[in-house]
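Working notes, structure below.
Bear in mind these aren't lab numbers, they're just calculated from the coordinates by the rules spelled out. It should be emphasised that the depicted structure is a prediction, and the values quoted were computed from it without experimental measurement. Every residue, glycine as well, gets a Cβ built from its backbone with ideal geometry; the counts of neighbours run over all protein chains shown.
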Amino acid sequence: MIVARILREPLVQFLLVGLALFGAWQLVKPVHAARDAPYRIVIGEDDLKQMALAWMAKGLPPPTPQQMQELVEAKVREEVLYREALALGLDKDDVIVRRQLARKMEFVTEDLSKLDEPSPAELRAWYENHRERFALPARATFRHVYFSPDRRGANTRADAAAALEQLSGKPIDVSVAIGDRFMFQSYYGDRSMEVVAKEFGPKFARGLADLKPGAWAGPVESGYGWHLVFIDAMTPQRIPDFESIEPEVRNAWIEDHREKTRAKLYESMRARYEVVLPGS
Amino acid sequence: MAYRQENWFGAHALTDATPQIRMSGQIAAGMDPRNLYPAGLTGVWAEENTRASLFDGMQRKETFAVSGTHIKVRLFGGWEYTPEMLNDPAWVKTGYAKGVPMGGDLPVGKANAPTFIVWAVKDPTAGNLDRIQIVKGWSRSGQSFEKVFDVVWAGDRKADKLTGVVPPIGSTVDVENATYTNSIGAVELKKVWTDPEFDPSVDAFYYARVLEIPTPRWTTIQAKQLGIAPPDVVPPTIQERAWTSPIWYTPSANLRAAAKTNMTVGDLKKQGAVALNDAQLRALVVGKSTWLQNNVTGDKYQVVYGDSGPGAKVAPPSEPGFNTQKFAANQGQIWLRFLGRNTTLPSLVGNPVEQSELGITSPYFINNGRIVNPMSGTAMSITVYKLGEKYIAARSNEFGYANYEIIPAVAQLNPLNPGGGRKPAGK
């Protein structure tokens, strides 16, 4: 049990993986070309296959011998410049090299955190604590009559209010002859409040939330002018059951867990260092 | 990425990370963060919000761009649209059926001039619309031209009788509080517009531009947040805008052949014109004030090429060489006179303010039968041909057309000589 818990510690996992990699490397390590023969560039069968694969991965036909030659030359060029740069010590104190290495280190730690899987009970408990993350916005099905400030100027709101008298109690289809032509739709089926806010402006979405379904109401102001609105149906904001969104919860858990692991690993590495600032 | 004036938070890490740094006036590697601007957005007209449909929309170029706010704009071009079309709620269907959407090529002509439907609706969370413009571009004898037409606008403003330009809409911006009201401008603008200057023999493109009423620039908003005065290096307000992909007009081969164009270098050579060599070029222009006419626009220029190196003799103010002798070696200057309406196009004459009114010179040299000098930052070479007694010049960026002709000095107003014309010295 204790062994299992120790094994689940990210730092222990990290050290074990590191040790395994190091051991494996010692076994398969080729003669280090750049150090032992600084002016000899060896390109093996596997390297050539790798180049051809990378070439075809771009959706190109297999390289011709001449293209292969060019690929080899490009590889050689990179290797030559790389070795010359190393010989000149250009890797030292280079902000981009440092950043790249630091990022690689972060990737390694991130890969480690993927090894974990939540148990169903763990996942459900986590969902209960983070329910609000999964809330679905309210949705509305509505029709509306538009009153255009381009046509009516300062009277727009008053015109809309007056038209409401005519509309109340009438069947919903008479609305066609009242109001002005709207640029988009007159009927919106099952739209989330986010979408409504995007199409009409947030003020209109807030106004809609206050209306009772089943009757003409308003006027409600939007970014385009004033509207009389008939809400057919309104689904309030709700949080779905755990069962219906288990995969989403799982993804969110993994994301959350990865973030925590990364922070924990960094903390454990950071703890080994002493930082000296001026005056300390 | 920030694309609204209200949420601009910088784009260059520590050089513009906080409102204090952005607004401090500190220049980072030549960049004043106050000059920066939130990014824009691209819009696509598509049948449905799916990958395939959006991709098709992009392929047929039925796309537009906005400076940040979600203005919606459509442009259609065709030969059979009528002004009544817009009364029909299904006008978009007619737009597709009888023409092409933006990004398309106009079909073969069926009328004297193409007609365009342009329509725009404001962003419900932003400023009202000021106007829609149609920008037309065309080329003639290798020279490119552009003209902006105000086609529909909010309120009852009248277009200027002579220029056609609609006066500014005014501003509701309260700079101190960084606010505005939508008490001016329109929610929706639409218009069926016919090109009043259409020439069927000339290639052209048309695109629409929608302007919002003035609203506070992000610098004004953040100055208010910081409790400081808005910066004076940028305007306190901006007009957000949207612009469409163009619709293209290509004349048929017959129509294009009928176009009135200037001679090309090939035509000149066929008629026996001879290109000047370096020595002849020097003798023709160096140390002289040469008058040129752009034979496409009719604009007249005076070009002054300074004498090269020492030895240029000192001349009194009455002599033509008086101005050029003050130039350093190989410095030339273009003076523009009698500017036509298109002179502000940099493609035609460079920068008239810099080169003419401020008198800033630019280097030139003569080599391999070419006069080479920069125009609007690009090296341009000029070859000159002698045809009979005429000198005709071709510029390297005008696709082989020879559009410039040396003309006799144009009479200028001279207070000392009311009879007109420059009096040669000593007469």
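The table for this structure:
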read-out: Cβ-based net charge around residue B:21, under 13 Å, with every Lys or Arg adding one and every Asp or Glu removing one; value: 0
read-out: Average partner coverage of B:183-196, which counts Cβ from other chains inside 10 Å; value: 2
read-out: Within 10 Å of each Cβ in B:122-133, the average number of Cβ atoms from other chains; value: 3
read-out: Residue with peak Gaussian network fluctuation, chain A [Cα springs, cutoff 10 Å], from A:188, A:224, A:82; value: A:82
read-out: Peptides B:74-84, A:119-129 ordered by average Cβ neighbours within 10 Å, highest first; value: B:74-84, A:119-129
read-out: Summed side-chain charge close to residue A:229 - residues other than residue A:229 whose Cβ falls under 12 Å, Lys, Arg +1, Asp, Glu -1; value: -1
read-out: Shielding by other protein chains, A:179-189, mean Cβ within 10 Å; value: 2
read-out: Residues residue A:71 and residue A:15, FRET efficiency given R0 of 56 Å [Cβ-Cβ distance, rounded to 0.05]; value: 0.90
read-out: Added length on full extension, which subtracts the Cα-Cα distance from 0.36 nm per residue, residue B:44 to residue B:300; value: 87.7 nm
read-out: Phi-based couplings in Hz for region B:190-206 (Karplus 6.51, -1.76, 1.60; Gly and Pro marked x); value: 8, 6, 9, 10, 10, 5, x, 10, 5, 10, x, 8, 10, 4, 8, 9, 9
read-out: Largest to smallest principal axis extent of the C-alpha atoms in region A:121-256, angstrom; value: 59, 28, 20
read-out: For residue B:407, residues with placed amide H under 5 Å, excluding near neighbours; value: B:291, B:292, B:293
read-out: Peptides A:235-246, A:152-163, A:59-70 ordered by average Cβ neighbours within 10 Å, highest first; value: A:152-163, A:235-246, A:59-70
read-out: Within the protein assembly as shown: Cβ-based charge dipole about Cα centre, in debye rounded to nearest 20 (Lys, Arg +1; Asp, Glu -1); value: 1960
read-out: Region B:28-143 - Debye-derived log10 I(q)/I(0), Cα point model, q = 0.12, 0.15, 0.22 Å⁻¹; value: -0.59, -0.86, -1.38
read-out: Global size of the protein assembly as shown as Cα Rg and Dmax, reported in angstrom; value: 35.4, 117
read-out: Cα convex hull of region B:1-50 - mean projected area over all directions, nm²; value: 4.8
read-out: Karplus-derived HN-Hα couplings along region B:48-55 (A = 6.51, B = -1.76, C = 1.60, θ = phi - 60°), whole Hz, x at Gly and Pro; value: 8, 8, 10, 3, 4, 5, 5, 5
read-out: Vicinal HN-Hα couplings computed from phi for region B:248-261 (Karplus, 6.51 cos²θ - 1.76 cosθ + 1.60; Hz; Gly/Pro x); value: 9, 10, 10, x, 5, 4, 5, 4, 5, 5, 7, 5, 7, 10
read-out: Base-10 log of normalised Debye intensity for chain A (one unit scatterer per alpha-carbon) at q = 0.12, 0.14 Å⁻¹; value: -0.94, -1.08
read-out: Computed lengthening from residue A:50 to residue A:24, 0.36 nm per intervening residue step minus Cα-Cα distance; value: 7.2 nm
read-out: With eigenvalues of the C-alpha gyration tensor scaled by 5 and rooted, region B:113-160, Å; value: 28, 13, 11
read-out: Isotropically averaged projected area of region A:72-201, using the convex hull of Cα atoms (one quarter of hull area), nm²; value: 20.6
read-out: Subset of B:93/B:147; B:122/B:161; A:203/B:191; A:92/A:260; B:98/B:161; B:61/B:190 violating a 25 Å alpha-carbon distance limit; value: B:93/B:147; B:122/B:161; A:203/B:191; A:92/A:260; B:98/B:161
read-out: FRET efficiency, residue A:80 to residue A:154 (Cβ-Cβ, R0 56 Å, nearest 0.05); value: 0.15
read-out: Within-10-Å neighbourhood charge of residue B:36 [Cβ basis; K, R +1; D, E -1]; value: 0
read-out: Semi-axis lengths, Å, region B:196-262, gyration tensor of Cα atoms, sqrt of 5 times eigenvalues; value: 47, 12, 8
read-out: Dipole moment magnitude, nearest 20 debye, region B:197-239 about Cα centre, only Lys, Arg, Asp, Glu C-beta charged; value: 440
read-out: Amide H contacts of residue B:306 (H built 1.01 Å from N, under 5 Å, at least 5 apart or other chain); value: B:287, B:331, B:332, B:333
read-out: Helical mean residue ellipticity (222 nm; -39500 (n - 2.57) per DSSP H run of 4+; nearest 500) of the protein assembly as shown; value: -8500 deg cm²/dmol
